[in-house]
1. Out of all the residues in region B:434-475, which are more than 8 Å from chain A (Cβ to nearest Cβ), of a type in the set (Phe, Trp, Tyr) and closer than 22 Å to B:ILE2 by Cβ?
2. Which residues, taken from region B:5-28, are in a loop (DSSP other than H, G, I, E, B) and more than 12 Å from chain A (Cβ to nearest Cβ)?
3. Within region B:204-227, count every residue that is more than 12 Å from B:LEU401 (Cα to Cα) and among the β-branched types (Val, Ile, Thr).
4. Inside region B:231-326, counting only helices (runs of 4 or more DSSP H) that do not spill past its ends, which hold 3 or more residues that are out of contact with any helix residue (DSSP H, G or I) (no Cβ under 8 Å at 6 or more places or on another chain)?
5. For A:MET368, which of the numbered conditions (1) part of a helix (DSSP H, G or I); (2) surrounded by 17 or more Cβ atoms within 10 Å (Cβ to Cβ); (3) out of contact with any Phe, Trp or Tyr (no Cβ under 8 Å at 6 or more places or on another chain) fails to hold?
6. Does region B:119-132 contain any residue that is over 24 Å from B:PHE258 (Cα atoms) and surrounded by fewer than 16 Cβ atoms within 10 Å (Cβ to Cβ)?
7. Does region A:239-247 include one or more residues that are surrounded by 13 or more Cβ atoms within 10 Å (Cβ to Cβ), outside any loop (DSSP other than H, G, I, E, B) and modelled with pLDDT of 95 or more?
8. Among the residues of region A:63-122, write down those that are aliphatic (A, V, I, L, M) and over 19 Å from A:LYS152 (Cα atoms).
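The values are calculated or read from the model by the stated rules, or taken from the named source; none is laboratory data. Just so it is clear, the structure is predicted and the values come from calculations on it, not from any experiment. Positions of Cβ are generated from backbone atoms using ideal geometry, with glycine treated the same way; all protein chains shown enter the neighbour counts.
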Amino acid sequence: MKKKYILRKKIFAVIFFIMLFSFSGVNCISQRKEVQKALTEELSKVHAWQIPETSNIEDEITEELAGKMYFIETYSALTEVLNKKEICNYRYIKDETGTLQYSSFYREDDDNIPEYAMRVRRMADAVKAQDTKVLMVSAPAKYLEGKTPLRKGLPANDTTAAVNELLYYMNLYGIKTLDLREYFPNDELTLSQTFFRSDHHWTIPAAYYATRILVEKLFSEFGENLDPTGYYTGRISYTPKTFKNIMLGSTGRNTGAFYVGVENFTALFPNFIGDFRRSSMAADGTEYYTKGNFADALMNIEEVAAEDNIYHVSPYTMYLNELRTYESITNKEKPDAPSILFLRDSYFSPVIVFMAPMCSQIDAIYIMEETDKIDIEDFIVKNHFDYIIVEVNPYNIGEESFNFFYD
Amino acid sequence: MIFASLAFLLYFFPVVFLVYHLLFFSRPLQNCWLLIASLLFYAWGEPVYVLIMIGSILANSLFGKLVTGRSSSAKRFWLVISAIANLSVLFVFKYLDFVLESLSIFGVPKIQTGLTLPIGISFFTFQAISYVVDCYRGDTTPENPFYVGLYIAFFPQLIAGPIVQFNSVADQIRNRRVNIDLIAIGVCRFTCGLAKKILLANTFSAIVDNIFSWSLIGSDKLQVPVMLAWVGSISYTLQIYYDFSGYSDMAIGLALMFGFEYSENFNYPYSADSMTDFWRRWHISLTDWFRDYVYIPLGGNRNRNQDMMVRNMFIVWLLTGIWHGANWTFIFWGLANFALILGERFIDYDKRVRNPIIRHVLCMLMVNFLWVIFRADNLYQAGIFLRNMLGTNNNGFYSDLAILYLRENAVFFIAGVIFAKPVARKFNERLFKFAGSVENVIFSVMYPFIMTFLLVICVSYLAMGTYNPFIYFNF
């Protein structure tokens, strides 16, 4: 009996060492450069006789693990088999439609919300002399209280109170606001059609719907009629095209496709040509320049369509490459139309694209990026825009989204 | 570096194991290699404090020589000096700030050194003391600094035990055998320990850390109802067992792969039917150390004067509490264990309470309550949490969140409760008894697959970056 007892352990031991040594070897080869780079970086921070900090090196080892996505999918599959509604220790939860939601057991009150509103007020005062109008837009949160079906007890990250407070103070300080929560879901888009299951963003049709609401708001609030013929905000200007099973969003890549499922991605392609110049800058200062028609200048179709690795690139990057620190879009066909500066996050990338045909100039700054390449206050004061639109995703309400016009 | 990490599994362990076995022709070279690897292992997480460890090795090697081959008074003198030296280092790094902060209550100006605690200092200090005392007693002969270093710093048991007494490994340092059977047993033990830590302990710890932190927010902002508090306390009871015993399993398994055979550190403590029985099963190496190096030298049970016996027990449990951490919670916890164990003796518990179910339930209740004190950041939080458990904090009874936690982690709770009992042992015994049975054959075939599955799942959890706390920072 002892022989059998040891035999099964020996068999496993052989499997163990084969797996361990081969996997170790593969990782030594595949992540050699990244780990060496991390090690060199840490060594440069210490004297020759000291041992460097190792936590960054360990992080690199985990990040660059060979076949990492297979392990993530294994974890994902196990979580799905166990029928769990939470994953990664409540980093995300799944609602009754299968959509991943951010989770939060307890939200600490942000006492600085009035100050954020005051900063927008100061900015409005700084540009008042130029007759620039300011609008604060709150994008809809993925979890909408009373609308998102969630199993009892699951701790959704409910931003309702924070958004309500922000909009209240904005209005109190005389800033016009647009609360997009009121418009979703609607007759055209259900909740499932508004947000991706596996990504924190809204869908492109939802972004387009929001564009229409924004244009209506600019008209009703400021008398600005960006789309007199209704062409660009009507359904005739764009044709939807659905790419099947190519969308695994950022949250889905963190949790695994097995758990949330791969989605279709519906893009809106223009039925007009347009003539645009676009210059943009990434966080590291790299500059890009494109020009041409709507699709060539503003969309990133080839890269997305050609990508067959759902883990690599999100189709959401089809619009303005998802997010760059600075964008400047000139519409050559409408030099007399209004100009808009967006202080925004990634939610408004498709909105900016849909707004571009109706404006002469759109500049956009990703306000959450910490960069010394752009001084937001200086930029705002020195450049004239007809409108400044501040857009914040409710989950981003915080110091980083309002890092301008401090007291 | 910790065992449950990719850096250890992919880089450190394969290299150390491979080189060790390539040096099969020379035991001294193997030992040297293990010492170097162990120092690197420690330095990975403690690049500065590794010097303290090296200092401890050199100093205790010297003390080991000084306490042998001399007159009794000289030996005793150096023994005392070594104890003072070892305990002083432990005191400065672990307890000094705590003492200074406690004294500030009496008006003494609050000074904090800001020194951080070297990982594993409690473990390797006790091992160092064990070495010197064993030399003093003549249980072993003094070793060269390299072998002393290997004993103190050997990476499997360095950070979280078991606390190995020198007399139990002295011979193994020079004369251990390594064969495929031991390696195989070690591999399986290590994998089981890894699964305990990653799959069970980490799952429970995510629950525990949330619930305990909520208890401090204030019941006006966030209540912790009775149900939720009990989920938290039971989760911690399971967490600490699987974390600690999992780590011990990994340590014992790794040691076996290098030919060292350590004693068991846990013997299904949650099968205990009294506090006395519990402490025969929990962290056995620590209780053995205190028995051999504190309790028995003080006279142990052999005093006719019962007061001396009580005094000895009090000292041991006070020190046990203090050893676990620099916080009044640990002292309170240690003394509470003392009170319960003493109480069991005084009331002749074994004769008065005979029903095994009642005994077991009472024991588990006491253990559970004491773990709450152990886990709390301070006595205030412990009090709040216990009040939450008893429903005396205006916190209500029912909790959706508790139901959610139980539902979401049902499989883990069930596995946690089942495997806390000697199910695996009884199953093995049954297989042994019915050697040629069908279930034996099926299990033998399935075993490698089950273990491989566990290993892959563990690596998946690590790749995912799931919650993987290291709870031995206090030690």
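1. Answer for region B:434-475, where residues must be more than 8 Å from chain A (Cβ to nearest Cβ), of a type in the set (Phe, Trp, Tyr) and closer than 22 Å to B:ILE2 by Cβ: B:PHE470, B:TYR472, B:PHE473, B:PHE475.
2. Initially, region B:5-28 is screened for residues in a loop (DSSP other than H, G, I, E, B), giving B:5, B:23-26.
Passing the criteria: B:LEU23, B:PHE24, B:PHE25, B:SER26.
3. Here the count works out to 2.
4. By residue number, B:284-290, B:306-324.
5. Going through (1) part of a helix (DSSP H, G or I); (2) surrounded by 17 or more Cβ atoms within 10 Å (Cβ to Cβ); (3) out of contact with any Phe, Trp or Tyr (no Cβ under 8 Å at 6 or more places or on another chain) one by one, A:MET368 breaks only (1).
6. No, that holds for no residue.
7. Taking every residue of region A:239-247 in turn, none turns out to be surrounded by 13 or more Cβ atoms within 10 Å (Cβ to Cβ), outside any loop (DSSP other than H, G, I, E, B) and modelled with pLDDT of 95 or more.
8. Once the filter is applied, which keeps residues that are aliphatic (A, V, I, L, M) and over 19 Å from A:LYS152 (Cα atoms), region A:63-122 yields A:LEU65, A:ALA66, A:MET69, A:ILE72, A:ALA77, A:LEU78, A:VAL81, A:ILE113, A:ALA117, A:MET118, A:VAL120.
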